[in-house]
Amino acid sequence: MKTVWCDIVDDDPCTKEVEAFVKGQVEEALRACSLLVEWQVRVCWHQTNRGTPFSWDGALETVTSRAYGIALVDHNLPEPEDGIAFIEQLRGRGYSGYTYIHSGSAKSVLEAIFDSNPTLLQQHGAGVVQKPPEPVYPLNKKVQVDLKGARELGLDPFRVADPKVFLENPTEAALCTLSAALPLGLLREARCSWPAAVEALSESLPGERDGADFEGLVRAYLCGKDVLVAIQAHPHGRALNGKHRGPNIVDALETLRKAATGDLKAWNAELTRLRNEWLSDAEEGMQG
Amino acid sequence: MRFVCDHEAICRALGLVGVGEVYVISRLPLDEVGQWETKDVAFVAWSPLQTLVRRPENSLASVPGVTFLRLPISLAALTGSRTARNPRASAPVRADLCVPLGQFTCSLHRLLGLLPTETPGEVLARVAELRRFCASHWPGWFESALDIVRNSLQQRDPTNAGELVKVLLEFSGQVATYEAFRAFLHGAGKDIVNAGPGPVNAALSYYLSGGLEYQDVLETLEGDRWWSAFAEEFAKIEQGLQGIGLSGFDPDMVLGKRVDTARQSLAGFAECAERLLRAPRGRKVTGRLRPRLEEAQRCLEVLMNTIQAIAREREKLRQRVHQRVEHAATAVR
């Protein structure tokens, strides 16, 4: 029998009622997915307080060591957004279990948290759940969704495909998009016409298929292929459709495609505009 | 011209156009860079230089003699960058700026230099980048210390922030050395106790004390031929330690001869295990096989003890780092 660890990370002290509730909810989800005979659920509470240096370290170390796990992280740990920072650190250390923001806040607050963190929370094995007594976003339903998702993705229960994917950010996505577009202008200069540049770029496309390679998808789009849906579905595409300033991925690619019919100066001006809007946005975010 | 990019996607883009030798900063050929001249190197990025060099991994971009090219750029300017350079400013490329430890210490030294004079916004941006860099290379060691540095800077206290930065400089080499072994330590992918070596060691012990059949040992070995993956991982560790050496810190000062011991014992075990698996099956254990099994167990125990000793020392170092940071943090408060 395998063990799934439910690690509750909270600045409040442990309450047995919440521990029992979490255990019951996960068991209910396992039962609904006909997996309860194979799994046992164990719950561990980590009380943390960021006011003291290194107070997260023990919890991070323990949770990261779980082979199969669900980390339920309080949003206010104790400050708002600390929970998000904690999950980022977990993913940065390679934690490949499920990560949920676990909050007693109102539905509207939970939705705001969810909307503001598309990369970290809007993927398989991640999300927000509400604490009892009357959860609008119940844990058992969320676990069920992720267990079914794991089956569809061919993953073990309580494992995500790649923890690093959760650390995608708009800057990374912007750099990949800009770099994917870069060769088209350089090839236009070398080959003296857009059709010749597109033809040369198209030669790099076979082998990059089915959305596995974001840069390949962007290049395919610039070569006239209909891959916008796959681009938007990719984590990079989602990161650039999140609530950040600067153009979203669809608008950016459309303007680039249009620019790839005019002169080279206009193309470079468009690439420069995108670069400035996306990267200065990231810089402000970092300093803030 | 050699083009060094801050992002792999730029490498792939320039590779498609075929402009020449293109490298990403995180994967430079370390055995060659020492022979490069800065006049032959162009650093290519989308970000402006001022933003770029806040990131420790891009320290090379601000070295005098290295040409900086900001994208987008025309093909003519890219390929003509060789003629635009200033050969008089050229010097051999500093290999330490091509490895994480050297990049980290260089950035810490630069931060120390900037603390008294630079604007708070610039210094805080550099601290944020240092924190991200540490979380990526040595997670759990320095992030909290850098949070305290940030807090003290926000309270306009650069002197005490400087003291904390000096603590990080003091420990960075040791931390990098011990962290090189992270893949073998508890909770990691090739955990020396819980992954392959532990179960085999247990099987050998039970067999040699009469508690298991020879066939059980063979099945355990066949079930997980972990030693090949371990040897590959160990080669990566040694490569990492060589990189640490390039940054001016000698890992042997911390590890002594442990790396040699671990490598030899791993190779010794692998040889024994392969021989045992090649031997004809169903054969009764002869007097010739028993010493081989004993040798396999001896090698395995040496390997596990060596890595476990490193793990223990790593934990002691963690306590020392925490104590020093706590001490400095108290002074900050």
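Here are the numbers:
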| quantity | calculated |
| --- | --- |
| Helices (runs of 4 or more DSSP H) (entirely within the range B:103-179) containing at least 3 residues that are surrounded by fewer than 19 Cβ atoms within 10 Å (Cβ to Cβ) and facing chain A (nearest Cβ under 10 Å) | B:120-137 |
| Subset of the range A:194-203 that is within 11 Å of A:Ala260 (Cα to Cα) and of a type in the set (A, V, I, L, M, F, W, C) - its residue that is nearest to the other protein chains (Cβ to nearest Cβ) | A:Ala197 |
| Identity of the residue in the range A:174-193, more than 7 Å from chain B (Cβ to nearest Cβ) and in a helix (DSSP H, G or I), that ends up farthest from B:Pro72 (Cα to Cα) | A:Arg191 |
| From B:Ala328, B:Ala262, residue being in a helix (DSSP H, G or I), within 23 Å of B:Leu101 (Cβ to Cβ), at pLDDT below 90 and aliphatic (A, V, I, L, M) | B:Ala328 |
| Qualifying helices (runs of 4 or more DSSP H) (wholly inside the range B:1-55; at least 1 residues being surrounded by 19 or more Cβ atoms within 10 Å (Cβ to Cβ) and within 14 Å of another protein chain (Cβ to nearest Cβ)) | B:8-17, B:49-52 |
| Top-ranked residue in the range A:189-206 [being of a type outside the set (Gly, Ala, Ser) and surrounded by 13 or more Cβ atoms within 10 Å (Cβ to Cβ); ranked as nearest to A:Cys223 (Cα to Cα)] | A:Val198 |
| Pair list, Cβ < 6 Å and 6+ apart or interchain, from the range A:152-163 residues that are closer than 16 Å to A:Val41 by Cβ to residues that are part of a loop (DSSP other than H, G, I, E, B) and of a type outside the set (Ser, Thr, Tyr) | A:Phe158/A:Gly97 |
| Checklist (1) over 16 Å from the mean Cα position of the chain (by Cα); (2) within 14 Å of chain B (Cβ to nearest Cβ); (3) outside any helix (DSSP H, G or I) applied to A:Arg159, failing item | (1) |
| B:Leu78 within 14 Å of chain A (Cβ to nearest Cβ), in a strand (DSSP E or B) and closer than 24 Å to B:Arg2 by Cβ | no |
| In the range B:70-115, the residues that are modelled with pLDDT of 80 or more and in contact with a Pro (Cβ under 6 Å, 6 or more places away or on another chain) | B:Gln103, B:Phe104, B:Ser107, B:Leu115 |
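Rundown of residues vs (1) among the small types (Gly, Ala, Ser); (2) farther than 17 Å from B:Cys11 by Cβ; (3) at pLDDT 90 or above; (4) within 28 Å of the chain's Cα centre (by Cα), yes/no style:
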{"residue": "A:Leu167", "(1), (2), (3), (4)": "no, yes, no, yes"}
{"residue": "A:Ser179", "(1), (2), (3), (4)": "yes, no, yes, yes"}
{"residue": "A:Arg188", "(1), (2), (3), (4)": "no, yes, yes, no"}
{"residue": "A:Pro235", "(1), (2), (3), (4)": "no, yes, no, yes"}
{"residue": "A:Ala239", "(1), (2), (3), (4)": "yes, yes, no, yes"}
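The values are calculated or read from the model by the stated rules, or taken from the named source; none is laboratory data. Please read these numbers as outputs of a predicted model, since none were measured by experiment. No Cβ is skipped: glycine too gets one built from the backbone with ideal geometry, and neighbour counts run over all protein chains shown.
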